[in-house]
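Visitor: Before anything else, here's the structure in question.
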Amino acid sequence: MGDSNGSGMDRRALLGGAALGAGLIAGGVAAAPQAAEAQVLFPKAGGGFGGPFGGGGSVAGAVCRSENDLYDCEVEGKLPADLDGVFYRVGPDPQYPKPPQWTMDIPFDGEGHISMFRIKDGHVDFRSRYARNQRWKAQHAARRSLFGMYRNPATDDPSVKGLSRGTANTQIVYHHNRLFAMKEDSPPVAMDPLTLETTDDYYTFGGGMKSLTFTAHPKIDPHTGEMIAFGYEAKGFYTPDIEVFSCDKTGKVNWSAWVKSPYTCMIHDFGVTQKHIAFLATPLAANQELLAKGGPHWAWDSSLPSYLGVMRRGGDGSDIQWIKGPGWMATHTMGAWSEGDKLYFDVDGAPGNQFPFFPSVHEPFDPKASVGRVVRLTADMSTKNPDGYGRETLFPQITGALSRQDDRYHTVPYRWGILNGGGWNLLDHQTGKAQTFTLPGAMLAEATFVPRHRNAPEGDGYLIGVASHMKENGRSDLLIVDTQDIAAGPIATVHMPYRVVGQIHGLWVPGDQLPKHA
C-alpha cells in the first residue's frame with residue numbers, strides 16, 4: 001500500500017486456533033472430532049474485557065463488531081440547510097474476546113472502529129468500518145485474539161511478533177486528503193475519507209516520520225495548514241525519546257526534532273502555539289514490575305513529580321526545559337497560545353489517577369482525586385530554568401474531561417472551550433460563564449464543534465455528538481445543538497435504529513475540504 005512499511009501482512013500465513021480437529025484415520029477407524037480451541041463468546045457480565053469499564057459483551061450492547069451502512073437516516077427537527085460535511089467518530093470495539101489469561105485487559109485495547117455521518121442537503125447517511133491495520137488483519141485471518149494485555153508485547157501470541165500492535169482506536173484527523181485513525185503507540189492508519197476503506201496500515205508520511213509512534217492528538221496550524229505531531233517512546237518500547245515534527249499541506253515532513261522525557265510516561269496530548277511546543281509528563285508511568293507480571297503498560301506512581309516541558313517550535317529541541325511541579329494528571333488540551341515568551345496551556349486535569357483500570361503503585365484508586373477540571377498552565381520562558389510553572393483552575397464549578405475547542409483556533413488565543421461532564425459544557429473564557437446541555441436518561445459522548453459556516457466567528461455554530469439511551473438498550477441518536485442556546489436542546493436529532501459503535505473522540509470535516517468527488 002502506498003506508504004506501507006512493507007510488512008507483507010496479506011502474504012503472511014497465520015495459523016488460527018479455531019480449526020476443528022479433522023477426523024484422523026487410523027487403521028480404517030476415524031478418531032473422535034476434537035473440540036474447537038477458540039469460541040467467539042464475550043463475557044456476559046461486567047468485570048471482563050469486552051465493554052466500557054468492565055464487560056457486558058454483545059449481550060449488553062457493549063460490543064458492536066458490525067460494520068454498517070444506513071442510507072438516508074431518519075431526522076427529527078430541522079437540519080440547517082447549509083450544513084455540509086462529515087462527522088467522524090472512533091472508539092475501541094473488540095474484534096475478538098481475549099483468552100482466559102487476558103480477560104481482565106482494559107477497554108482501551110479494543111480494535112479501532114470508525115463511523116461517519118455524512119450530512120448534506122438536509123440528508124444524513126451513516127457508515128462504519130474497522131481500521132484494517134496489521135493487528136486487525138492478523139486476528140481476522142486467525143479468527144481469534146492474538147494480542148494480550150494493553151501495550152504489553154510480552155503477552156502476545158508468538159505469531160504476531162514484529163507486527164504493529166496499534167489499535168487505531170483513539171482519535172481521527174483529516175489532512176492532505178486522508179483520514180487518519182490513531183493510537184499513540186503506533187503510526188497512524190490512513191483511510192479513504194469517503195468510503196472508510198483502509199489505504200495504508202502503517203503510514204509514515206513517505207518515510208519522513210522516524211518515530212515508531214504517533215500521538216492521538218496532532219494539531220493543525222490555522223495559518224499555514226501544517227500538521228504538528230509527536231510520538232513518545234519514539235525509539236521503541238519503554239524508551240524516553242520523543243520525536244516532534246510537522247508536515248506541510250501535502251504531507252511532507254518539513255521539520256523534526258528529538259527530545260527526551262524525564263521518565264517514560266503517558267503523554268497523551270500536547271500544546272502547540274505559534275512559538276512553543278509544550279508537553280506535560282505526569283505520574284502515569286511505565287512500570288517494569290507490573291509489565292513483567294503481565295499487567296498493562298501504565299501504573300499511577302504518586303511519588304513522581306510532573307514536568308512541564310517547553311521548547312521552541314521549529315528548533316532542534318536543544319532548548320527544551322522540563323519544569324518540575326507537583327505530581328498530578330492531565331489528559332487533553334483545550335487550547336494553547338503564546339504572548340511573547342509566555343506560554344498559556346489549558347488542559348483538563350485532576351490531582352490523582354483519572355483511570356481506575358490502571359493500577360496505583362502506592363495507594364488505592366481515589367474517585368475524588370480523579371475528578372477533572374479545566375486548568376491553565378503558564379510558564380515564562382524568557383529565563384532559563386524557571387522556578388516552577390503556574391497552575392490555575394478555571395470554571396471550578398464545572399467538572400469533566402475530553403476538553404476541546406473550536407479546531408480553527410489551534411495554536412492561537414481562543415475564547416470558547418468545550419468540556420464533557422454531566423452534559424456538554426460550553427465555556428466562555430472571556431466572560432467566565434458556562435452553558436450546559438443535558439439529556440436525562442442518556443449518555444452523551446464527546447461533543448465536537450461545527451462552525452455555522454466557513455467564516456463564522458469563533459464558537460458560532462453547533463455542537464454535534466451521539467446520545468445513547470439507556471432505557472432503549474443503548475439505542476443511539478445523533479444530536480445537533482445550536483451554540484447560541486445549547487440549553488434549548490437539539491435543533492435536529494438523527495434517530496438511529498440501533499446502538500452505534502462507541503466513541504472516544506470525534507472530528508468534523510467541512511464538505512468543501514473533502515475530496516472533489518464527494
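Visitor: Pick out the one residue from Ser58, Ser128 that is of a type in the set (Ser, Thr, Tyr) and modelled with pLDDT of 95 or more. Explain how you work it out, then say what you get.
Guide: Working: Ser58 fails: modelled with pLDDT of 95 or more.
Criteria check complete, one pass: Ser128.
Visitor: Just need a number here: residues in the range 237-262 that are modelled with pLDDT under 95 and within 20 Å of the chain's Cα centre (by Cα). Full working, then the answer.
Guide: Looking only at the range 237-262, we keep the residues that are modelled with pLDDT under 95, and these are 237-238.
The next check asks that each one be within 20 Å of the chain's Cα centre (by Cα); those that pass are 237.
Residues flagged as modelled with pLDDT under 95 and within 20 Å of the chain's Cα centre (by Cα) within the range 237-262 amount to 1.
Visitor: Output the residues belonging to the range 247-286 that are among the polar types (S, T, N, Q) and buried (at least 22 other Cβ atoms within 10 Å of the Cβ).
Guide: Here is the first cut: in the range 247-286, the ones among the polar types (S, T, N, Q) are 250, 254, 256, 261, 264, 273-274, 282.
Across the range 247-286, the qualifying residues are Thr273, Thr282.
Visitor: Would you be able to tell me the number of residues in the range 283-333 that are of a type in the set (Phe, Trp, Tyr) and either out of contact with any Gly (no Cβ under 9 Å at 6 or more places or on another chain) or over 29 Å from Pro153 (Cα atoms) (or both)? Please lay out each step first, then the result.
Guide: The first filter runs over the range 283-333 and keeps only residues of a type in the set (Phe, Trp, Tyr), leaving 298, 300, 307, 322, 328.
With either out of contact with any Gly (no Cβ under 9 Å at 6 or more places or on another chain) or over 29 Å from Pro153 (Cα atoms) (or both) added as a condition, the list becomes 298, 322.
Going through the range 283-333 one residue at a time, the tally reaches 2.
Visitor: Filtering the range 302-313 down to residues that are out of contact with any Leu (no Cβ under 8 Å at 6 or more places or on another chain) and in contact (Cβ under 8 Å) with a residue 60 or more places away in the chain, which residue is nearest to Glu226 (Cα to Cα)?
Guide: Let us first name the residues in the range 302-313 that are out of contact with any Leu (no Cβ under 8 Å at 6 or more places or on another chain), namely 302-305, 311-313.
Of the ones still in play, those that are also in contact (Cβ under 8 Å) with a residue 60 or more places away in the chain are 302, 311, 313.
Details: Ser302: 37, Met311: 18, Arg313: 12 Å.
Within the range 302-313, the match that is nearest to Glu226 (Cα to Cα) is Arg313.
Visitor: Go through (1) closer than 29 Å to Val494 by Cβ; (2) buried (at least 16 other Cβ atoms within 10 Å of the Cβ) and name the single condition Met443 misses.
Guide: (2)
Visitor: Kindly provide the set of residues from the range 107-166 that are among the polar types (S, T, N, Q) and surrounded by fewer than 22 Cβ atoms within 10 Å (Cβ to Cβ), ordered by number.
Guide: Residues of the range 107-166 that are among the polar types (S, T, N, Q), as a first pass: 115, 128, 133-134, 139, 145, 152, 155, 159, 164.
Listed by number, the residues that qualify are Ser128, Gln139, Thr155, Ser159.
Visitor: Which of the numbered conditions does Ala168 fail, given that it passes all the others? Conditions: (1) within 17 Å of the chain's Cα centre (by Cα); (2) in a strand (DSSP E or B); (3) of a type in the set (A, V, I, L, M).
Guide: Unmet for Ala168, out of (1) within 17 Å of the chain's Cα centre (by Cα); (2) in a strand (DSSP E or B); (3) of a type in the set (A, V, I, L, M): (2).
Visitor: Out of Ile464, Ile491, report the one residue that is part of a strand (DSSP E or B) and more than 25 Å from the chain's Cα centre (by Cα).
Guide: Ile491
Visitor: Hey, could you check the range 132-146 for residues that are outside any loop (DSSP other than H, G, I, E, B) and either in contact with a Ser or Thr (Cβ under 7 Å, 6 or more places away or on another chain) or of a type in the set (Gly, Ala, Ser) (or both) and say which is nearest to Gly112 (Cα to Cα)?
Guide: This residue is Arg135.
Visitor: From the list Ser115, Ser128, which residue is out of contact with any His (no Cβ under 7 Å at 6 or more places or on another chain) and within 14 Å of Gln503 (Cβ to Cβ)?
Guide: Working: Ser128 fails: out of contact with any His (no Cβ under 7 Å at 6 or more places or on another chain).
Within the list Ser115, Ser128, the selection yields Ser115.
Visitor: Ok, one more. Scanning for something among the small types (Gly, Ala, Ser), touching a residue at least 40 places away in the same chain (Cβ under 8 Å) and not in a strand (DSSP E or B), does the range 224-237 turn up at least one residue?
Guide: So in the range 224-237, the residues among the small types (Gly, Ala, Ser) come out as 225, 229, 231, 234, 236.
Among the residues that remain, those that are also touching a residue at least 40 places away in the same chain (Cβ under 8 Å) are: 231.
Among the residues that remain, those that are also not in a strand (DSSP E or B) are: none.
Scanning the range 224-237, I find no residue that is among the small types (Gly, Ala, Ser), touching a residue at least 40 places away in the same chain (Cβ under 8 Å) and not in a strand (DSSP E or B), so the answer is no.
Visitor: Also: So, of the residues in the range 306-331 that are within 25 Å of the chain's Cα centre (by Cα) and assigned to a loop (DSSP other than H, G, I, E, B), which turns out to be nearest to Ala369 (Cα to Cα)? If you could, list the steps in order and put the result at the bottom.
Guide: Restricting attention to the range 306-331, the residues satisfying the condition of being within 25 Å of the chain's Cα centre (by Cα) are 306-311, 313, 327-331.
Cutting the leftovers down to assigned to a loop (DSSP other than H, G, I, E, B) gives us 313, 327-328.
Numbers: Arg313: 33, Gly327: 12, Trp328: 9 Å.
Once the filter is applied, the top-ranked residue is Trp328.
Visitor: Please go through the range 332-365 and pick out each residue that is of a type in the set (Phe, Trp, Tyr) and touching a strand residue (DSSP E or B) at 6+ places or on another chain (Cβ under 6 Å).
Guide: Step one: list which residues in the range 332-365 are of a type in the set (Phe, Trp, Tyr), which gives 337, 344-345, 355, 357-358, 365.
Within the range 332-365, Trp337, Tyr344, Phe345, Phe358 qualify.
Visitor: Gln435 is checked against (1) surrounded by fewer than 20 Cβ atoms within 10 Å (Cβ to Cβ); (2) assigned to a loop (DSSP other than H, G, I, E, B); (3) at pLDDT 95 or above and fails just one. What number does that condition carry?
Guide: (2)
Visitor: For the range 238-261, how many residues meet the condition of being acidic (Asp, Glu) and in a strand (DSSP E or B)? If you could, list the steps in order and put the result at the bottom.
Guide: In the first step, residues of the range 238-261 are kept if they are acidic (Asp, Glu); the result is 241, 243, 248.
Then drop every residue that is not in a strand (DSSP E or B), which leaves 241, 243.
Selection size over the range 238-261: 2.
Visitor: Still on this model: Among the residues of the range 368-420, write down those that are of a type in the set (Gly, Ala, Ser) and assigned to a loop (DSSP other than H, G, I, E, B). Walk me through how you get there before you give the answer.
Guide: Quick first cut of the range 368-420, residues of a type in the set (Gly, Ala, Ser) only: 369-370, 372, 379, 382, 388, 390, 400-401, 403, 417.
Once the filter is applied, which keeps residues that are of a type in the set (Gly, Ala, Ser) and assigned to a loop (DSSP other than H, G, I, E, B), the range 368-420 yields Gly372, Ser382, Gly388, Gly400.
Visitor: Taking the stated definitions as given, is Ser159 polar (S, T, N, Q), under 20 Å from Tyr202 (Cα atoms), at pLDDT 95 or above and under 21 Å from the mean Cα position of the chain (by Cα)? Break it down stepwise before answering.
Guide: Numbers: polar (S, T, N, Q): yes; under 20 Å from Tyr202 (Cα atoms): yes; at pLDDT 95 or above: yes; under 21 Å from the mean Cα position of the chain (by Cα): no.
Here the answer is no, as Ser159 does not meet what is asked.
Visitor: Continuing with the same structure: Looking only at the range 335-353, which residues are within 23 Å of Gln397 (Cβ to Cβ), surrounded by fewer than 23 Cβ atoms within 10 Å (Cβ to Cβ) and touching a Ser or Thr at 6+ places or on another chain (Cβ under 7 Å)?
Guide: Hits for the range 335-353 are Tyr344, Ala350, Gly352.
The values are calculated or read from the model by the stated rules, or taken from the named source; none is laboratory data. Only a predicted model underlies this, so the values are computations on that prediction, with no experimental measurement involved. So basically every Cβ, Gly included, is an ideal-geometry build from the backbone, and we count neighbours across all protein chains shown.
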